[in-house]
Amino acid sequence: MRLILLGPPGAGKGTQASAIVEKYNIPHISTGDIFRENIKKGTELGEKAKEYMDKGLLVPDELVISIVEDRLQQEDCKNGFLLDGFPRTLNQGEALDEVLSKMGLNLNRVVNLDVGKEILIERAIGRRICKDCGEVFHIKFNPSKKEGVCDNCGGKLYQRDDDTVETVEKRIEVYHKQTEPLIDYYNKKGLILNVDGSKDKNLLFEEIVKALSE
Ligand code: AP5
Ligand code: MG
């Protein structure tokens, strides 16, 4: 299964991705997670990416495309993959087509999560992540049993630097301008699966799996 998850910030891409990759036993490739790991390790890539991420802007295409191209060549992508947060511009979409065509591969589906702005902001602002195991919580929609502490491993929960109201609003604006055109791009290829991302996460997952099996 070769999939893309498309949707604005806070739409639930990461949440659905975790369940989907477990079900299909494919790697979860999140360009946002790759950048955050690089920031944590203090690499040159992380330093460059942080400048853009903190402002809610997209990291330049030339930095993103080669990372994904390399990642798709790795052994664990042989049976498929799920891309979360890539492509995010038409240029990235076209570059991905080229890479896949060189590899003799096609995409199966592009799942598009549709969620209104108010919910997006509430989800992003209330998100809490475990610094040790990466488990994602939400103060209202998926709270940890003990405030600030991970249910899985007891690690401390933190908030992403770009999850402030101001930066989330900027990220949503950038999404509409630079990423939304990809819906039409993949629609023309007959690949889009539109889903209502404001639904309960388990019901939504069931709906996605059902549609993917058709
Ligand atoms: P990235 O990390 O990809 O962030 P994003 O696209 O803004 O999306 P988020 O991760 O914020 O949200 P999500 O949709 O994954 O939601 P989640 O499941 O966590 O990118 C960050 C930055 O990196 C970008 O701004 C850019 O600078 C850079 N970048 C990354 N990729 C790039 C690229 N290709 N090109 C250029 N730059 C790039 O859910 C959010 C919260 O809601 C959680 O708390 C969760 O528990 C809760 N929730 C989820 N689903 C539900 C539900 N159904 N009901 C109730 N609550 C829910
Ligand atoms: Mg995410």
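A viscosity of 1.002 mPa s and a temperature of 20 °C, combined with the Kirkwood radius over Cα pairs in Stokes-Einstein, give a translational diffusion coefficient for the chain of 121 µm²/s.
Remark: for residue pairs LYS102/LYS188; LYS23/LYS131; LYS55/LYS177, the C-alpha separation exceeds 23 Å in LYS23/LYS131. Summed over the residues of the chain and divided among them, the accessible surface reaches 54 Å² per residue at a probe radius of 1.4 Å.
Using the Cβ of ILE129 as centre and a radius below 9 Å, the other residues enclosed give a net charge of +3, where K and R count +1 and D and E count -1. Atom-type composition of the exposed protein surface of region 113-167 places 48 percent of the accessible area on carbon and sulfur (1.4 angstrom probe). Near LYS199: Cβ cut-off under 11 Å, other residues only, Lys/Arg at +1 and Asp/Glu at -1. The net charge is -4. Checking the table LYS40/LYS156; LYS117/LYS170; LYS117/LYS140; LYS40/LYS201; LYS140/LYS199; LYS140/LYS170 against a 19 Å threshold on Cα-Cα, which pairs fail? Beyond 19 Å: LYS40/LYS201; LYS140/LYS170. Once the C-beta distance of GLU206 and ASP151 is scaled by a Förster radius of 35 Å, the resulting FRET efficiency is 0.95 to the nearest 0.05.
Seen from ASP114, the other residues with C-beta closer than 13 Å to its C-beta sum to a net charge of 0, counting Lys and Arg as +1 and Asp and Glu as -1.
Only protein heavy atoms count here; on that basis, with a 1.4 Å probe, VAL174 has an accessible area of about 10 Å². Once the chain from GLN74 to VAL136 is taken as fully extended at 0.36 nm per residue, the excess over their C-alpha distance is 19.7 nm. Listed by chain and number, the aspartates and glutamates whose alpha-carbon sits under 20 Å from that of LYS48, ignoring those within fewer than 8 places in the same chain, are ASP33, GLU37, ASP61, GLU62, GLU69, ASP70, ASP161, ASP162, ASP163.
The values are calculated or read from the model by the stated rules, or taken from the named source; none is laboratory data. Please read these numbers as outputs of a predicted model, since none were measured by experiment. Quick reminder, even Gly has a Cβ in these numbers, built from the backbone with ideal geometry, and neighbours come from all protein chains shown. Side chains included, ligands, DNA and RNA excluded: accessible areas come from the protein's heavy atoms. Shrake-Rupley method; radii C 1.70, N 1.55, O 1.52, S 1.80 Å.
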